[in-house]
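Worksheet for the structure shown next.
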Amino acid sequence: MAVDAQSSLMSQLQLLNRLPMQKKFGLMVAVAAIIAILVGGWIWETTPDYQVLYSNLSDKDGGEIIASLQQMNIPYKFAEGGGALLIPSDKVHEIRLKLATQGLPRGSLVGFELLDNEKFGTSQFQEQVNYQRGLEGELARTIQSLAPVQSARVHLAIPKPSVFVRDQEKPSASVLLNIFPGKTLDQSQVTAIAHLVSSSVPELSVKNVTIVDQNGNLLSQPVDALLMSGMDPGQLKYLQETERSYIKRIEDILTPVVGASNVRAQVTADLDFSQVEHTSETYQPNHDPASAAIRSQQISETNSNSEQKANGVPGALSNQPPAPVTAPVTAPAPPPVAASAAAAAGKPASTSGNTSNMQKDSTTNYEVDKTIEHVKHPVGSIKRLSVAVVVNYEKTVDAKKKIAYKPLSPMEIRQITDLVKETMGFNAARGDTLNIVNTAFTPPEADIVPPLPWWKQPEVIALAGTIAKYLAFAGVVLYLIMGVIRPAMRNIKAEAAAASARAAEAEEAAQQHHVPQINPIDQATAEAAKELARQNPQLVANVIKGWVSGNE
């Protein structure tokens, strides 16, 4: 079998060698085309599809991005004359997120490095322009460092200084923010950006800073309103958080009772942000002196003895002239007035002798009942709460599984009211109000989006594209095989069969007439000569003419 296969291969090679040059060239072209198509298809299948990662990059950002791609072993190439950077399409979003964590691209902002290359002889106007550009770039870079900000642009309007006070103008600034998708800036962050810009420019007021996002929304307007009303963003945030806290507490307590989607609550809180401190000092009388605390006590006692020099009792009787002298043996009794005076003085009625004087003083100081009170009221205390609650009708299902809605009973409404009052800390003294309404909710109208036909589904379109690609590749290969190679092989086999038949006939004729066999090589040469004579008879005629001329 191996010998037969080898002889068959040799015979086919001999037939290929005997083919005309035109057929050989066509066969070689067909085989080369098939090989090229196979190699091209393999390269097409294995080569990734490149998409634009970034375009219009600055030289600095482009260099940093390429260095990061090389560190991550990500293939890349350039397009549009180097203006676009392309990477495999299946890694575009992943690489963008990784580069974003590194802060790339940073943009083409320039800062104070403009002043590093100042040339000698630069005019004052050019220096001022470069300084303003550098200041704008530095402010934009600083604002871009905030987490929600993707990019920023700052424009400063700085007027020329004037020596006249009435001609002086205040500077102003405009800030354009590009916020990351899905992120927002709260009022405190907007205020921080406004204060950052105003603090970087001399005599720039916060009210003259305008902040706009990429959608054209004016972000600095609420800040100005808050500044004019006297409420800062922190107080507004605390007010909103307080209201949200009460709403969540009310909905959390009613959800198990009426259902998650059957209750809505809104709370309006009136908070007192004024800072109040007062000190009072109160004095109260001591109602029980015995129980009062003694602060101090002083007792003074004086006792003295002295000789009586003056006799008699002072008074009207002592100032009368003496009575006439008489001679009675017994002296008359003293008048009653003088006796009573002497007795009242606690002294002997005698008008002669020593006297004793004793004096005692006592002073007692009691503690005063005094109360000192220092009160500081908390900032942000609740002055009044207004609560509105809407409860949906009760859902019922009858025996036929038909859904119906009915209002709540008065007892259920009263229970819900008590729950809400306890949750919000209802205080009628401070003016709290509560309104609970039981009504049927209007179901939201769902946006009915018609489903896409199956032939418009993205997955089906992608699959159809892949199948079409492989079918086109297979069709080209099949055409080359069936239209070019197969007919050529048929011709080769037919010629091989004809040659074998002629060889067999020659061998049979030689056996019958004892004619020596013709060498297959000579026979092939003769066939080649015949084919040459058919294709180019003029050349054969010239060759034969030369032979004849030579023989002559």
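Grab the Cα-Cα distance for residue 49 and residue 295, subtract it from 0.36 nm times how many residues apart they are, and report the gain in nm with one decimal. Please list the in-between numbers first.
Numbers: separation 246, 0.36 × 246 = 88.56 nm, distance 10.00 nm.
That works out to 78.6 nm of additional length.
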Mean Cβ count within 10 Å, highest first, over the residues of peptides 192-205, 57-70 = 192-205, 57-70
Fully extended, how many nm does the chain gain between residue 468 and residue 32 (0.36 nm per residue separation, minus their Cα-Cα distance)?
-> 154.6 nm
Could you order 424, 411 so the one with the most accessible surface comes first? Probe is 1.4 Å.
-> 411, 424
Estimated inter-spin distance, residue 379 and residue 21, nm [label 7 Å along Cα→Cβ] | 10.3
Segments 253-265, 272-284, 384-396 sorted - mean Cβ within 10 Å per residue, highest first = 384-396, 253-265, 272-284
What nm distance separates the two modelled labels at residue 395 and residue 372, each placed 7 Å from Cα along Cα→Cβ?
-> 6.6
Kindly state, to the nearest 0.05, the FRET efficiency for residue 439 paired with residue 217, given R0 = 30 Å and r defined as their beta-carbon distance.
-> 0.30
19 Å reach of a label modelled at residue 405, 7 Å along Cα-to-Cβ, counting backbone N of the range 239-275 = 254-266
Report, to the nearest whole %, how much of the accessible area of the range 154-211 belongs to carbon and sulfur atoms, 1.4 Å probe, protein only.
-> 55
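The values are calculated or read from the model by the stated rules, or taken from the named source; none is laboratory data. Everything numeric in this text was worked out from a predicted model, so none of it was measured. Reconstructed Cβ throughout: ideal geometry from the backbone, glycine too, with neighbour counts over all protein chains shown. Just the protein is used for accessible areas: all its heavy atoms, side chains included, with ligands, DNA and RNA removed. Shrake-Rupley method; radii C 1.70, N 1.55, O 1.52, S 1.80 Å.
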